[in-house]
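FYI, it's all coordinate maths here, none of it is from the lab. Computed from a prediction, not measured in an experiment: that's the story for all the values here. Positions of Cβ are backbone-derived with ideal geometry, glycine not excepted, and every protein chain shown enters the neighbour counts.
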Amino acid sequence: MKNNFYLLLSDYNQEKIINLNSQKYVIGRHSSCDILLQKQFISRWHCTLILNKDRHENYFYSIWDGVPMRDTSTQGIYINSRRVYKAVLNSGDIITFSENQIYPQAIFNVESGIEEEEHQTQGVNLLEERMRIAVAGFGDDFDEEAVRPTLSRK
């Protein structure tokens, strides 16, 4: 299935749509980042988006605090107001970059070819499978309980 992924970045009066079509995006304030956020509270390499593929040939993005297998950000990342270290992103998720700052924020969206009914029948099992795929190869120190709240949303 062909999915179109994008972020709607909001910063007070400004909005920008970023089409996601690469395998990896680093978000932060360092000039080497793919998506630059020029706020003092944003870490140099604040978070990473990684494109993954499940066994049904469906693509999805996961988000990591900081850079995988390196440091995490100082302020953390929040998905729908809940702090996460790694999570599978779902369409409509609101990403914030600090507990105390509303802006900038990003809204993750997917325009998908998968039928809504088919997506609902796959349910949480598909999300758990996707999380296992997203963390494969990043070592045995993965804490599944740290991301479980993002897997149980409906």
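Electrostatic bookkeeping for Leu36 treats Lys and Arg as +1 and Asp and Glu as -1; over the other residues with beta carbon under 15 Å from its beta carbon, the sum is +2. Residue-wise HN-Hα couplings along region 91-97, as the Karplus relation 6.51 cos²θ - 1.76 cosθ + 1.60 with θ = phi - 60° gives them from phi, are 4, x, 4, 9, 9, 10, 10 Hz; Gly and Pro carry x.
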